[in-house]
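The values are calculated or read from the model by the stated rules, or taken from the named source; none is laboratory data. The model shown is predicted, which means the values in this text are computed figures rather than measured ones. Note that we place each Cβ from the backbone using ideal geometry, even for glycine, and neighbour counts take in every protein chain shown. Heads up: the accessible areas ignore ligands, DNA and RNA and are worked out on the full protein's heavy atoms, side chains in. Shrake-Rupley method; radii C 1.70, N 1.55, O 1.52, S 1.80 Å.
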Amino acid sequence: MVFLNNSESVLRLGAFISVLALMALFEAVFPRRGRGQKRRMRWATNLLLVVIDTIALRLALPIVAMGMAVIAETRGWGLLNQIVWPPWLEMLIAIIVLDFLIYWQHVASHRIPVFWRIHKVHHADRDIDVTTGVRFHPVEIILSMTYKIISICLLGPTVVTVFIFEVMLNTCAMFNHANLRLPLWLDKTIRLLVVTPDMHRVHHSAVVQETNSNYGFSLSIWDRVFGSYIAQPRDGHSAMTIGLSDYQSEAPNSLIWTLTIPFRRK
């Protein structure tokens, strides 16, 4: 526990860089779609957002998910701290519940106008690849972390569980946004449990019905259970238009545009 608390940042950064590099390599070798735009400006904007988001979190919130997990565990807050189950079962339940809550957070970011103004920064990317998985406005990152802090306080998962869930969520986001071609049989098998790149790519379609589908980030079950699942895009993966119909220009590649668009009139 002490080692995890002291090394959390290093471990998370190492996992982030490793998965990012691995997915970028796989994209280069097994691309699903041809790129519509050059990577240099897109990647610069998307990766700079990671830096800005990290700084914004440190400045805006006195604690983050791991910190709340420590407090909840120490003070006995949350449902799971009131029961005695095998540690592996508590961890499994906590991860499933947290993923369920993230699904509904994602649904809300599409259905509630004020949240959509911020979340559309993520969807405005006109290509989709591993860096799209980390392209979020700093305000959305702060709101998302606040939501997770409240959820952890109420649920009471262990510190180790929260660490595993955070790494899992980040890894799955980069994996399912990757411009990666999986064999159809493998995609069909994996998506029974986990969101695949082909499944999540539908969510980044410019077709509104498809944009409002496939909300899952890690587990694919929630979209099937709640009727938000679309198996394939209407126009096929190669021909589909990625992004938002209102922003089919070079503007979303600009960092300034990306940071200011939620606060400007359409």
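Can you confirm whether the range 53-69 contains a residue that is within 30 Å of Asn253 (Cβ to Cβ), of a type in the set (Gly, Ala, Ser) and either open to solvent by less than 30 Å² (accessible area, probe 1.4 Å) or more than 16 Å from the chain's Cα centre (by Cα) (or both)? Within the range 53-69 (the criterion being within 30 Å of Asn253 (Cβ to Cβ), of a type in the set (Gly, Ala, Ser) and either open to solvent by less than 30 Å² (accessible area, probe 1.4 Å) or more than 16 Å from the chain's Cα centre (by Cα) (or both)), the answer is yes, since at least one residue qualifies. Report the residue count in the range 177-201 for those that are in contact with a strand residue (DSSP E or B) (Cβ under 8 Å, 6 or more places away or on another chain) and either closer than 12 Å to Thr131 by Cα or among the β-branched types (Val, Ile, Thr) (or both). Matching residues across the range 177-201 total 3. Hey, can you tell me all the residues within the range 238-266 that are part of a helix (DSSP H, G or I), surrounded by fewer than 19 Cβ atoms within 10 Å (Cβ to Cβ) and either among the aliphatic types (A, V, I, L, M) or touching a helix residue (DSSP H, G or I) at 6+ places or on another chain (Cβ under 7 Å) (or both)? Answer for the range 238-266, where residues must be part of a helix (DSSP H, G or I), surrounded by fewer than 19 Cβ atoms within 10 Å (Cβ to Cβ) and either among the aliphatic types (A, V, I, L, M) or touching a helix residue (DSSP H, G or I) at 6+ places or on another chain (Cβ under 7 Å) (or both): Ala239, Ala251, Leu255, Ile256, Trp257, Leu259, Pro262.
What helices (runs of 4 or more DSSP H), lying completely within the range 47-134, carry at least 3 residues that are closer than 21 Å to Val160 by Cβ?
Of the helices (runs of 4 or more DSSP H) lying wholly inside the range 47-134, those with at least 3 residues that are closer than 21 Å to Val160 by Cβ span 65-75, 87-111.
The residues of the range 223-237 that are open to solvent by less than 50 Å² (accessible area, probe 1.4 Å) and small (Gly, Ala, Ser), listed by number, are Ser228, Ala231, Gly236. Only residues that are over 13 Å from the mean Cα position of the chain (by Cα) and either closer than 24 Å to Ile93 by Cβ or buried (at least 19 other Cβ atoms within 10 Å of the Cβ) (or both) were counted across the range 156-193, and they come to 15. Only residues that are over 13 Å from Leu180 (Cα atoms) and either surrounded by fewer than 17 Cβ atoms within 10 Å (Cβ to Cβ) or touching a Pro at 6+ places or on another chain (Cβ under 7 Å) (or both) were counted across the range 22-42, and they come to 6. Scanning the range 72-90 for residues that are aliphatic (A, V, I, L, M) and touching a residue at least 40 places away in the same chain (Cβ under 8 Å) yields a total of 3.
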